[in-house]
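**Q** Structure below; questions to follow.
The values are calculated or read from the model by the stated rules, or taken from the named source; none is laboratory data. The structure presented is a predicted model; accordingly, all values stated were derived computationally and were not measured. As a convention, Cβ positions derive from the backbone with ideal geometry for all residues, glycine included, and neighbour counts pool all protein chains shown. Heads up: the accessible areas ignore ligands, DNA and RNA and are worked out on the full protein's heavy atoms, side chains in. Shrake-Rupley method; radii C 1.70, N 1.55, O 1.52, S 1.80 Å.
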Amino acid sequence: MIKTYTRELSLKEMKLIKQPKISMIWWLFENFILSLVFILGILLILGNYIHGYLKWNKDAELYMVISIVIIAFIINLKFHFSTLKDFPFPPQIPIEDIKAEITIIQSRKAVEREDPEDFGPGFYFEIKDGVKLKSIFLCGQYLYSATIPNTHIEVTRRSDTKEILDIKTKGTYFSPEKVLPPFSDEEWNSENYHEDGDILNLTLDEIKKKNTT
C-alpha cells in the first residue's frame, strides 16, 4: 500500500530548511582545494622548469613561489565564480509556501539495487495502488539512517524540491528477495534509470525478470 499527503511544516523541519546546507558548503570547499592544488602543482612545475634555465637568486625564487600561489588562487577563484552561476541551486520561495509531503509505504516484498559509486542504497518496494501491483524506488544516503527494508516506511520531503527531511520505520525489518546489479553505463548515458521516489508500473517480478535478460 502507498499513501501520500501533505501537512504544514513542523518547527524542527523549518529549522532544517533554514539552516545552511553543510554538505553543499563542504562540496564547494573540497572542489576549491582540489583544483587549487592541481593548478598550483602545474604552475610550480613550470616555474621549476624555467628556473633550470635562469640563474635566479633566493629572493627571486621566493618571489616566484609567492607569485605562483597568488596566480593559482586567482585563477581558481575566477573559475569557481564562473561555474557557481550555473549551479542548480533550488529556487528560493517563502517558507510559508513550503509543505511537508509524507509518503507512507507498506510492503513485505523488496528488491535491492547495488550502489554503483557512493549514491547510497537503493530498493524497490512492491506496493498496491488500488487493485494493481506497482513498485516504488527509494535510493540515497538517507536510507542509511533507517532499518531498510521495512514493512512500514514514512518518508517526509519538501513539497517544492522533494528534498528529504526525514525517514521513519515503524514496522519490522525483512530481507530483500534479490540484489540487482547497479545501473549500467548505457542506462546512465541514455537516462534510462530510476530515481528516488519513482513509482513504476512494474511489479517486482517484472523488475527482476528485466534485469536477468
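**Q** Kindly provide the set of residues from the stretch 176-188 that are open to solvent by 80 Å² or more (accessible area, probe 1.4 Å) and in a loop (DSSP other than H, G, I, E, B), ordered by number.
**A** Glu177
**Q** Could you list, in sequence order, all residues of the stretch 191-213 that are at pLDDT 85 or above, more than 21 Å from Arg108 (Cβ to Cβ) and exposed (fewer than 15 other Cβ atoms within 10 Å of the Cβ)?
**A** Selection gives Glu195 alone.
**Q** Sticking with this structure for a sec: Can you tell me how many residues within the stretch 175-190 are modelled with pLDDT under 85 and of a type in the set (Lys, Arg)?
**A** Final tally of qualifying residues: 0.
**Q** List the pairs whose first member sits in the stretch 1-30 and is within 20 Å of Glu101 (Cβ to Cβ) and in a loop (DSSP other than H, G, I, E, B), whose second member is among the charged types (D, E, K, R) and modelled with pLDDT of 90 or more, and whose Cβ atoms are under 8 Å apart, counting only residues at least 6 apart or on separate chains?
**A** Glu8/Lys99; Leu9/Lys99
**Q** If Glu191 satisfies all but one of (1) of a type in the set (D, E, K, R); (2) in a loop (DSSP other than H, G, I, E, B); (3) touching a residue at least 12 places away in the same chain (Cβ under 8 Å), what's the number of the condition it fails?
**A** Here Glu191 clears every test but (3).
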